[in-house]
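The values are calculated or read from the model by the stated rules, or taken from the named source; none is laboratory data. Owing to the predicted nature of the structure, the values given are computational and were not obtained by experimental measurement. Don't worry about glycine lacking a Cβ; one is built from the backbone with ideal geometry, like all the others, and counts go over all protein chains shown. Side chains are part of the model used for accessible areas, which takes the heavy atoms of the whole protein and leaves out ligands, DNA and RNA. Shrake-Rupley method; radii C 1.70, N 1.55, O 1.52, S 1.80 Å.
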Amino acid sequence: MNLFVRVLIWLAPVLSALCLWPAQAAGQTSPAGPQRTERIEAELVPMSAWATPGSTAVVAVKQTIQPDWHTYWRNPGDSGGATTLTWTLPQGVRAGDIVWPVPERQRIAGLMNYGYSGVVYLPVPVEIPASARSGTTLTLAVKALFLVCSAEMCVPDELTLRLDLPVREGAAPLDPRHGAAITAVLESAPRPAGLEARMALDNGVLVLSAAGGPLAGRDPGASYFFPFEGGIIDHPAAQTGVWGPQGLTLRLLPGGETRAAGLSGPIEGVLVTAHGAWEIKAEQGAAPAGTSGSGELAAAADGASAEPAVGAGAGTSLAVFAQAVLFAVLGGLILNLMPCVFPILAMKAASLAASAHDVRHARRDGLAFLAGVMTTFVLLAGVLLVLRAAGEAVGWGFQLQSPPVMAGLALLMLAVALNLSGVFHVGAGLQGVGSGPLARLPGGLGAFFTGSLAVIVAAPCTAPFMAFALGAALVMPWPMALVVFLGLGLGLALPFVAVSLTPGLLARLPRPGPWMERLKGLLAFPMYATALWLAWVFGRQTSPEALGLLFIAGLLLALGVWLVGCGQAERGFGRRGVFHLTAGVAALLLAGAALILAARLPVPAAGPAASVQGAGPVSAPWSPAAVKAALAEGRPVLVNFTADWCVTCKINERTSLTSAGVKAAMERTHAVYLVGDWTRRDDAITAELQRHGRSGVPLYLLYSPGSAEPRILPQLLTEGVVVEALMKPSPVGRGLERPGA
């Protein structure tokens, strides 16, 4: 192409702007919703349903570009201009920079441009001041200037976009229309990965080398470097290279500025491979070791980036499905040994021993228990999958992040404990004060109820093998996901059902006798402890006032069921007992009213977790920025994703994570200890759990400097496991935990 044609192409955007800008600017309005021209439709959309005071919300400029037209990346390439945003915001609200997705490579008439076509989201973080009042609405307005081009012409389209963003307390769910798409852009957007990058000018060729992190140990595939600034490289020239055991080397033709002045400082940009995209800063110097020797790099094709599409490869093979079902059954079996489930199963085991002399009743109870477990698992799984389909960020144990659910469960456990203590009886009337079954729910109904209760209280526990199964289920089609959840229920119910259906095992159970009543009374105390624990978690989720109301509800509940028990005793003696029953029902109604008031009190906004100083290491709140800052200082990072309602988490913290030995190991390695608290709903933690294939806590990650991905520690920790991981890091890219370990 001759110089004259090149000059015309370079001047086309400027000439178009001079001719068409007045026409575009004349008719601008700023209503909420999509705004459009003949070439592009744009809209300001939220990632979450509302913003929380003192948080950082994410909004995005959504572009829907007409076929054969395109807009531009931050470095437009050989022609064009980047999209610019000019904000008009309420006092105290501040908008950050655009989080740019990886661009397409658009070759036009011998030039190379970097831009976008089709539907594009440009996310922008927006800081919401702590002074923003819940229940109000923030009006965000932005003047977006898009240079929209085709092969023949460019038009500067300026649109004023507006979004009315509600302000509410508490973690917000994803916006059902745009939340998932914006989340996918943020997850796949280029970010630093601890790569060691070098750039050198060798005989008129720019040599870019990068090593470590996600590049180590695998073929990068088709790779391409997008510089942040124009003039650094010759954009249309092919980028060729080689790869080695630690990274890759690209050979680039220098751009006009580099040819004229040489390398005057570090070069920044985005390195895109077949496995992802990362921001790099290449200092001048020789290539790091291990960036060549294994083979030639595949050439990156024009028209799209080398990055794989979001969600590619998400299809589920039969092998993965079968493995997930197997791990679900194994995880359910192990769940029987977890401390959160034991009180319920111990209670049911006692009732099974009581009916061991009647094989028919024992089988009925076993099958009813199985039905209760499976029904409740299907209901929980169905609710979870429906919420996911609606854009909610939820995971296993999501119901225990709700203060009303925690309050209701606390009172339910108290009622079960009082029932086991003989305060009242559920079922047929008593035949006498000292006769008849005490603290036993009637037959199959009691077994079904116990199975349901076992599933509900099992939610705080994530047993080994469950993590892989649940993580896989949440990305499978819903019929396959339900089968995985049913496998988990089958594993949980299997021991009890196997005993109830096997006459030989039933015969080995102790014969019923007075010891059964004493055992039932003893089993009431784990249920009292469970009720107290649930009340403590409720207090952590809400406020002292709400906890006080819950205590009042518990007192009224105890009074109510005691009065009901007195009435049942009166009827056992042949008297009507109407007064006691009426007073008991009134007390229960008052308990329900107190519970509703406690659940309706406003939940205070979640503040940063306080650092903990004791025998163990000092902790700080988890955030991606905190991990990034620590790694930038060359310090390893141990991350603990936990929740107050997660019993396994608390056991690990007491026995392993907060020990003096772990503290000493972290001091020797200068490690940072970060805690992600999932007690209350936190979409950022939910997204991080999902990124590592998990649907619930606990999750323990160990980041090492120079490694992009963390290692996953086992779910059941010992002090030795943590200390060994800190003192003897495993090779980059290799974890300590295999699926289900």
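Quick notes on this structure:
- FRET efficiency for ARG691 and ALA632, using Cβ-Cβ distance with R0 set to 25 Å, rounded to 0.05: 0.80
- With θ taken as phi - 60° and the Karplus curve 6.51 cos²θ - 1.76 cosθ + 1.60 applied, the whole-hertz 3J(HN,Hα) list for segment 323-333 is 5, 5, 5, 4, 5, 5, 4, 5, x, x, 4 Hz, x standing for glycine and proline.
- The convex hull built on the alpha-carbon positions of segment 172-303 has an orientation-averaged projected area of 9.5 nm².
- Derived from the Cα gyration tensor, the three semi-axes of the equivalent ellipsoid of segment 118-165 are 33, 11, 8 Å, largest first.
- Listed values for segment 360-366 are Karplus-derived 3J(HN,Hα) couplings in whole Hz (6.51 cos²θ - 1.76 cosθ + 1.60, θ = phi - 60°), namely 5, 5, 5, 5, 4, 5, x, and x replaces Gly and Pro.
- The trypsin sites (Lys or Arg not before Pro) of segment 60-134 that DSSP puts in a loop, and whose beta carbon has at most 14 other beta carbons within 10 Å, are ARG133.
- Phi to ³J(HN,Hα) by Karplus 6.51 cos²θ - 1.76 cosθ + 1.60 over segment 710-726, Hz, x for Gly, Pro: x, 8, 9, 7, x, 6, 9, 9, 10, 4, x, 4, 5, 5, 5, 5, 6
- Amide H to amide H distances under 5 Å link VAL675 with ALA620, TRP622, ASN640, where only residues 5 or more positions off or on other chains count and H is placed in the peptide plane.
- Computed from label points 7 Å out along Cα-Cβ, the spacing between SER134 and ALA498 is 4.9 nm.
- In this simple spin-label model, placing a label point 7 Å from the Cα along the Cα-to-Cβ direction at both ILE651 and PHE551 gives a separation of 3.0 nm.
- Reachable aspartates and glutamates from LYS728, criterion Cα separation under 19 angstrom, eight or more residues apart if same chain: GLU667, GLU709, GLU719, GLU737
- Highest-first arrangement of 136-143, 537-544, where packing means the average Cβ count within 10 Å: 537-544, 136-143
- Applying 1/(1 + (r/R0)^6) with R0 = 60 Å to the Cβ-Cβ distance of ASN203 and ARG36 gives a FRET efficiency near 0.75.
- Rolling a 1.4 Å probe over the protein chains gives LYS281 an accessible area of about 110 Å².
- Other-chain or far-sequence residues with amide H under 5 Å of ASN113's (modelled H): ASP78, GLN106, ARG107, ILE108
- Close amide H pairs (under 5 Å, H built 1.01 Å from N) link GLY170 with ALA606, residues at least 5 positions away or on another chain.
- FRET efficiency estimate (nearest 0.05) - Cβ-Cβ, VAL242 to LEU379, R0 51 angstrom: 0.35
- Computed lengthening from GLU296 to ARG177, 0.36 nm per intervening residue step minus Cα-Cα distance: 38.6 nm
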